[in-house]
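A.B. asks: Sharing a structure with you now.
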Amino acid sequence: MGWLRDTFPKPRNDSTEVERIRYARAYIFEMIGGYMMPDLSQNLVHLR
């Protein structure tokens, strides 16, 4: 999810409403993709 953080940085105080909405959507997407449905396949070890 690094791409998401790089593409949508935290909005500044003088940001427009559209920028804040985009940040909110990206934050929600990060919450769903990173915390609620994590990719657990990276934690598995291949057995021979």
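A.B. asks: Which residue is farthest from the chain's Cα centre (by Cα), if the candidates are limited to segment 1-35 and must be outside any loop (DSSP other than H, G, I, E, B) and basic (Lys, Arg)?
C.D. replies: Arg20
A.B. asks: Okay, moving on. Just the residues that are of a type outside the set (A, V, I, L, M) and either surrounded by 12 or more Cβ atoms within 10 Å (Cβ to Cβ) or in contact with a Leu (Cβ under 8 Å, 6 or more places away or on another chain) (or both), please, taken from segment 1-19.
C.D. replies: Of everything in segment 1-19, those that are of a type outside the set (A, V, I, L, M) and either surrounded by 12 or more Cβ atoms within 10 Å (Cβ to Cβ) or in contact with a Leu (Cβ under 8 Å, 6 or more places away or on another chain) (or both) turn out to be Arg5, Phe8, Pro11, Ser15, Glu19.
Here, each number is a calculation from the coordinates, and none is a lab measurement. Everything numeric in this text was worked out from a predicted model, so none of it was measured. Positions of Cβ are generated from backbone atoms using ideal geometry, with glycine treated the same way; all protein chains shown enter the neighbour counts.
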